[in-house]
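Shown next, in structure tokens, is the structure this report addresses.
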Amino acid sequence: MIKSNSRASRALIVCALVAITVLAGTPGVAKAQVMSEGFEPDSSALQDVEVRAQRPNDLQQRRFSNASKTVVGRQEIQKYGDTSLEDVLRRQPGVTIPSGGGNPRLRGMAEGYTQILIDGQPAGRGFTVDSIQPEQVERLEIIRVPTAETGGQAVAGSLNIITREGQARGRKDLSLGLSLGERDLQGFRLGLTQQGAWLGDESMVSATVFGRTQDSQSEQSLRFTSGANSLTTSGQASQTRSQQERLGLSLRGQASWNLENQSSFSVRPMVFAVKGDTQSLRQIEGWQGADPLRFASPYLQDDAEQRFHYAVGRVLLLHKWNLNSQLRLETGLTGSAFEFKREEEALAQTIAQTPSARQTDANTTERGLLLSSKLKRLFDEDEQTFGLELEQTLRKEEDRRAVNGVFFNTGLGDELDTDQTRWALYGQWDFNPSPQWAFLAGLRQESIRTRLQTLPSLPRQNHESQQTSPSLSLVHRPAEDPGLLYRLSLSHAYKRARARDLSSLPSLSTSFDPNTANSPDAADSVGNPNLRPEQSWGLDFSFEKSPVSNSLLSAGVFWKQIKDVQRRQTQLETVSWSTVPRWVNRPRNLGEADLLGLELEARGPARLWAQWLGLGPETSAKPEGRAGGRGGSGLEFRASLSRYWSRLQSLDGPDNRLPGQPAWELKLGFDARPAKSKLRYGASLGYTKAARYQTEPQAWVEADDDLSLEAYGLYSFDRNRRLRLTVQDLARWSSESSNLRVFDEGTRLETARRPGRLRASLRYELGF
């Protein structure tokens, strides 16, 4: 049974918050000259000053990058007091976070189209954005188009997580925090960061311990409509209550040493581990009315407990060698490990009033090794990059399922061994012939070979794919308007098939005995050995204008054509592991799809918004990129709108969209810092207009619109002590998702699910 909700977890949170300023590192002298043009110091206030190199702010980094990207810097990450990177990304234009949590999705596209990088290298299997705490991140780069250097597996774009480095020597940062739910304490965090001293001035160690208790309740209903008499309906309803407890640890470190031969060596380890327990109780009403197609659940009550743990570890050994004033060689060796283990025990009461005990044991382990080498050639006006990547991954998956002590036997075993080899060779040219023109051209050749095996007595399945991905970007900054720029990009990317999606090893539903018929919502899952990778060509055009410092107006349109679209479909099949036909869910290639998107963004001080709306006088100020800065007191607004259209040609429609793609997304927000006040506050509103989409010729998925409202307050006692309050989901919107399947002669089966939550977090930060 579910444990009492009154149980409160104790909390102390220690996190690392370190203010790092890195020397300005934008390649190319021409770029630096453009950024400094027009800067006029106030000669009437000459005095002795301490000169420090300062990294360009977020908008400057975005403006002077030849690749289209959004930069979320340390200041923005810090000011909201977010407890996860999901919360940071939720506010960013063109970024969608699934309602139940998970990795971000760019440009309205489903999971798997967005590439996630850590310090420019693939994050690896099993990584989720909550594996890294916000305190350990220096900045986020949301790269909208693939480049040769970042990789070709980025149909929707890439998220590059740049971690912090230890440069505030001898500093310690401490933060304490609590997360509050609707009725009680929901989570805690404690962590500590030490910079320098232990392994040298350039070292850093950061640790965070966190825990979370989350209660949820969902409802599900099945409604069956007979084709012979559309007025006659039957169906079944169920309610599920669950409680999940998680305890986790996040560790990250770095140590760097300068060597004698103009080179440096650094070690960057990272560990993220979570242990949890989930208890759920599902109560199911008996089927009301006729059930001619046998869709009724065989259970009336299902009481389950699931214990799980997973851990992700990686260590990067990085050597940088300045061969001369123009050549730099970077060589990295990354070792990674991932482990996931899940044990589930359930006791269900069947309609015949007999107990049914289910048991599931799943275990996944993965070991990987990535060797990368990158040679950069730097000139005054351009940068050339040549790189090589070689990666080897070994993965083992075990999935054993039993009912009443009898394990399922499919004849194919219960273990999948995967051996995957990937290599890539690329070249990229970042050319800046003048302050007005810039080019970014690249070519990447990548090959992936995957070998799968279930039983030793069965032959291996071999799959190999090769991709050539060119990319080209053109940037123009008119001389008559330094605050304006235009971007045009053409690129190729692809989405490879996951190893599990290529395997013929099935995963059987435990809701029905293998030798009885199952239902579409409790289908068996299996891969497709003939699945091909998706191929995508994309064209992007945008313009950006920075009327004054720390302001932005941006509009862009993009088009993508995707071939061999992968989509999982559920169909009734004759299978080898059952004596009767079973509903089976497997991935298939469904031909071509077209995607069109429009992206609008605006941000700036209130006085500038008044000018844009015709409510105030025109403002004369330097454009962004001339005299950057953090900005002082005042009120700032931000807004973005993303609109998406798509069409899958193999389906007749009218809802033949790409899966999970919303119709449009609107995000609004403001930040206020009253003059001479230690208080800063703000709010963010997000609205997603969902769209119904077709999964197969006679099946659809539909979700309700999503509304989210959050607010924050930050009070700074002094430069080392701050208190933050963040409240999320202030406006509660009940989000319902539904599936519709139509059979012959109009017979219909509808499934609906409904969840919701409210969260608040309070954090205290101390530096010393």
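The values are calculated or read from the model by the stated rules, or taken from the named source; none is laboratory data. Model, not experiment: these values are computed from the prediction. Note that each Cβ is placed from the backbone with ideal geometry, even for glycine, and that neighbours are counted across all protein chains shown. When the accessible area is computed, the model is the full protein with side chains, heavy atoms only, and any ligands, DNA or RNA have been set aside. Shrake-Rupley method; radii C 1.70, N 1.55, O 1.52, S 1.80 Å.
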| field | region 480-536 - percent relative contact order, Cα under 8 Å, separation 6 or more | value | 45 percent
| said: Spelling out what I want: for every residue of region 238-248, take phi, set θ = phi - 60°, compute 6.51 cos²θ - 1.76 cosθ + 1.60 (Karplus), and round to whole Hz; glycine and proline get x. | reply: 8, 10, 10, 10, 9, 9, 10, 10, 10, 10, x
| request: For residue 498, put the label point 7 Å out on the Cα→Cβ axis and report which residues of region 418-433 keep their amide N under 15 Å from it. | output: 418
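So how much slack lies between residue 303 and residue 530, counting 0.36 nm per residue of separation and subtracting their Cα-Cα distance, in nm?
Difference between extended and current length: 77.8 nm.
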| said: When 1/r is averaged over all different Cα pairs and the result inverted, which Kirkwood radius in Å belongs to region 119-179? | reply: 13.9 Å
| request: Over region 540-592, average the accessible area per residue using a 1.4 Å probe and give it in Å², no decimals. | output: 39 Å²
| request: Measure off 7 Å from each Cα along the Cα-to-Cβ vector at residue 406 and residue 337, then give the distance between these two points in nanometres to one decimal. | output: 4.0 nm
| Once both labels are modelled 7 Å past Cα along the beta-carbon direction, what's the residue 172-residue 490 spacing in nm? | 5.9 nm
| Between residue 324 and residue 571, what length in nm is gained on full extension when 0.36 nm per residue of separation is reduced by their alpha carbon distance? | 82.7 nm
| Which value results for Rg/Rh of region 198-325 when Rg is the Cα radius of gyration and Rh the Kirkwood radius based on the inverse mean 1/r? | 1.38
| Under unit Cβ charges (Lys, Arg +1; Asp, Glu -1), what dipole magnitude, rounded to 20 debye, does region 75-161 have relative to its Cα centre? | 320 debye
| field | Cut-off under 5 Å, modelled amide H: who pairs with residue 139 long-range | value | 162
| query | If each of residue 439 and residue 668 carries a label point 7 Å out from its Cα toward its Cβ, how far apart are those two points in nm? | reply | 4.5 nm
| field | Per-selection Rg to Rh, region 223-291 - Cα, Kirkwood hydrodynamic radius | value | 1.56
| request: Would you mind checking region 446-478 for residues with the amide N under 15 Å from a putative spin-label position 7 Å along Cα→C-beta of residue 543? | output: 475-478
| said: Can you classify region 479-613 as rounded, prolate or oblate using the Cα gyration tensor, where a ≥ b ≥ c are the square roots of its eigenvalues, rounded means a/c under 1.5, and otherwise it's prolate if a/b beats b/c and oblate if not? | reply: prolate
| Which three semi-axes in whole Å describe the equivalent ellipsoid of region 655-724, each the square root of 5 times a Cα gyration tensor eigenvalue, listed largest first? | 43, 11, 8
| said: Counting only Cα atoms, I'd like the Rg/Rh figure for region 285-356, Kirkwood definition for Rh. | reply: 1.53
| query | Mind checking the log10 I(q)/I(0) for region 332-454 at q = 0.10, 0.20, 0.21, 0.22 Å⁻¹? Debye, one equal scatterer per Cα, no solvent, two decimals. | reply | -0.58, -1.09, -1.14, -1.18
| field | Chain lengthening between residue 239 and residue 612 when straightened (0.36 nm per residue, less Cα-Cα) | value | 129.2 nm
| task | Taking amide H positions as placed in the peptide plane 1.01 Å from N, state which residues far from residue 691 in sequence (5 or more) or on other chains have amide H under 5 Å from it. | result | 663, 703
